[in-house]
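K.L.:
Below is the structure I would like to discuss, written out as structure tokens.
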Amino acid sequence: MKDTPQQGDGVLIVGEEACRALVGRAEAFAAVEAVFAAMASGEARNFPVVREAIGHADALYGFKSGFDRAGMALGVKAGGYWPGNAGRGLTNHQSTVCLFDPDTGRLSALVGGNYLTAVRTAASSAVSIAHLARRDAKVLGMVGAGHQSAFQLRAAAEQRAFEKVVAWNPHPEMLPQLAEVAASLGLPFEAVTPEELGAQADVVITITSAFEPLLMRDWIRPGTHVACMGTDTKGKMEVDAALLAAATVFTDEVAQSVSLGEAQHAVAGGLLSEGDITPIGAVINGTHPGRTSDDEITLFDGTGVGLQDLAVASVAARLAEAQGVAARVVL
Ligand code: NAD
């Protein structure tokens, strides 16, 4: 077993604090890149997602699960969205990952999923930038300034020799927090209009909860790489459907891309078909060339899959075991 903890005599408990200490951007990038590759080669499969309004506390609750035969990760992320949590000093998104021994089905680890969700989502767009953005990309455009955006910016900044960050957010009062992250990375930061952002950026990340397009096709220059990371539910939308028709479109998982990802609208409108969308794992595996010219617009539809959660949780469990920082409980 490569990535899962040994069963030992009990269940490993790896809390949020331990995850923060153990799983950095490099570990998350490697785990997410590997699982995208395994998905594209048929070695890893996500199981159908369950997401339900529970009729209490306005909460959405559900499960994302799967099995990665290459990484030997089997498990489920359970959790969801509790909009009233912020008022209680808690994160609105709450999740926990359960890992199981693929040989026996025994529960092997319980891993806090809140920090890991942010770091694996940032790793996803970072993997897309690493494989699809122009090598000479200099300006990073950020659309969105919420919880995830800081993680996105830090991970993206490591992928190219960016010289500047331009940003726009529907709620401008949130931008100073992102400006602080840019400053901590030594990157100049400019708040701009969305049109200016498109005119300047070589790489764009969108990470909002929008339900209508924030970026129009005509604002995006040839050669830009766009990572759409916010749309993870039916009805959400961050960019003009015409942009997907103009771009070469990649995704983490095609089935999610067309049903609940950014591509859902272009596909429903007949501008794009399922067959036009390439799993990023095919680029990682070398079975698709990825970007083929400096004028091509590449677009990554990062929908967020359970296997990403299992991949980073497995790293957390393995490192916690190796470093002796996790508790063991016999059930
Ligand atoms: P957040 O609540 O901290 O921030 C929300 C962001 O969206 C802010 O930039 C805010 O200004 C903007 N926003 C809010 N309502 C909006 C609206 N109606 N129209 C346009 N913009 C709006 O959220 P977060 O944790 O930063 O998450 C951002 C998005 O990313 C969410 O939609 C979340 O579901 C999604 N997400 C995706 C993945 C994935 O794997 N793809 C993982 C985690 C989160």
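The values are calculated or read from the model by the stated rules, or taken from the named source; none is laboratory data. Given the structure is predicted, the values throughout are model-derived calculations rather than measurements. Don't worry about glycine lacking a Cβ; one is built from the backbone with ideal geometry, like all the others, and counts go over all protein chains shown. Quick note on the areas: whole protein, heavy atoms, side chains included, nothing else; ligands and nucleic acids left out. Shrake-Rupley method; radii C 1.70, N 1.55, O 1.52, S 1.80 Å.
K.L.:
Do any helices (runs of 4 or more DSSP H) lying entirely in segment 261-331 carry at least 1 residues that are away from the ligand (no atom under 16 Å from the Cβ) and open to solvent by less than 10 Å² (accessible area, probe 1.4 Å), and which ones are they? I'd like the intermediate steps shown before the answer.
P.N.:
Working: elements: 263-268, 280-285, 306-323.
Those helices (runs of 4 or more DSSP H) span 263-268, 306-323.
K.L.:
Go through the residues of segment 271-287 one by one and say whether even a single one is within 17 Å of Ser128 (Cα to Cα) and touching a Gly at 6+ places or on another chain (Cβ under 8 Å).
P.N.:
yes
K.L.:
Let me ask another. Looking at segment 65-75 only, could you name the residues that are touching a Ser or Thr at 6+ places or on another chain (Cβ under 9 Å) and either in a strand (DSSP E or B) or not assigned by TED's automatic domain parsing to the domain that holds Ser108 (or both)?
P.N.:
Quick first cut of segment 65-75, residues touching a Ser or Thr at 6+ places or on another chain (Cβ under 9 Å) only: 68, 70-75.
Asp68, Ala73, Leu74, Gly75, listed by residue number.
K.L.:
A further question follows. Looking at segment 49-58, is at least one residue touching a Lys or Arg at 6+ places or on another chain (Cβ under 6 Å), open to solvent by 60 Å² or more (accessible area, probe 1.4 Å) and either under 30 Å from Ile297 (Cβ atoms) or at pLDDT 95 or above (or both)?
P.N.:
Narrowing segment 49-58 to residues touching a Lys or Arg at 6+ places or on another chain (Cβ under 6 Å): 49.
Okay, now just the ones that are also open to solvent by 60 Å² or more (accessible area, probe 1.4 Å), so 49.
Filter again for either under 30 Å from Ile297 (Cβ atoms) or at pLDDT 95 or above (or both), leaving 49.
There is at least one residue in segment 49-58 that is touching a Lys or Arg at 6+ places or on another chain (Cβ under 6 Å), open to solvent by 60 Å² or more (accessible area, probe 1.4 Å) and either under 30 Å from Ile297 (Cβ atoms) or at pLDDT 95 or above (or both).
K.L.:
Another one. Select, from Thr248, Thr231, the only residue that is more than 16 Å from the ligand (Cβ to nearest atom) and out of contact with any helix residue (DSSP H, G or I) (no Cβ under 6 Å at 6 or more places or on another chain).
P.N.:
On the way: Thr231 fails: more than 16 Å from the ligand (Cβ to nearest atom).
So the residue among Thr248, Thr231 that is more than 16 Å from the ligand (Cβ to nearest atom) and out of contact with any helix residue (DSSP H, G or I) (no Cβ under 6 Å at 6 or more places or on another chain) is Thr248.
K.L.:
When residues of segment 111-141 are filtered for being within 12 Å of the ligand (Cβ to nearest atom), open to solvent by less than 10 Å² (accessible area, probe 1.4 Å) and either of a type in the set (S, T, N, Q) or in contact with a Leu (Cβ under 6 Å, 6 or more places away or on another chain) (or both), how many remain?
P.N.:
Within segment 111-141, residues that are within 12 Å of the ligand (Cβ to nearest atom), open to solvent by less than 10 Å² (accessible area, probe 1.4 Å) and either of a type in the set (S, T, N, Q) or in contact with a Leu (Cβ under 6 Å, 6 or more places away or on another chain) (or both) number 3.
K.L.:
Can I ask one more? Please state which of the following conditions Trp168 fails to meet, knowing it meets all the rest: (1) out of contact with any Ser or Thr (no Cβ under 7 Å at 6 or more places or on another chain); (2) within 16 Å of the ligand (Cβ to nearest atom).
P.N.:
(1)
K.L.:
A further question follows. What pairs come up if the first residue lies in segment 35-50 and is touching a residue at least 60 places away in the same chain (Cβ under 8 Å) and of a type in the set (S, T, N, Q), the second is open to solvent by less than 30 Å² (accessible area, probe 1.4 Å) and assigned to a loop (DSSP other than H, G, I, E, B), and their beta carbons are under 7 Å apart, counting only those six or more places apart or on different chains?
P.N.:
That search, which allows pairs on different chains as well, returns Asn46/Val305.
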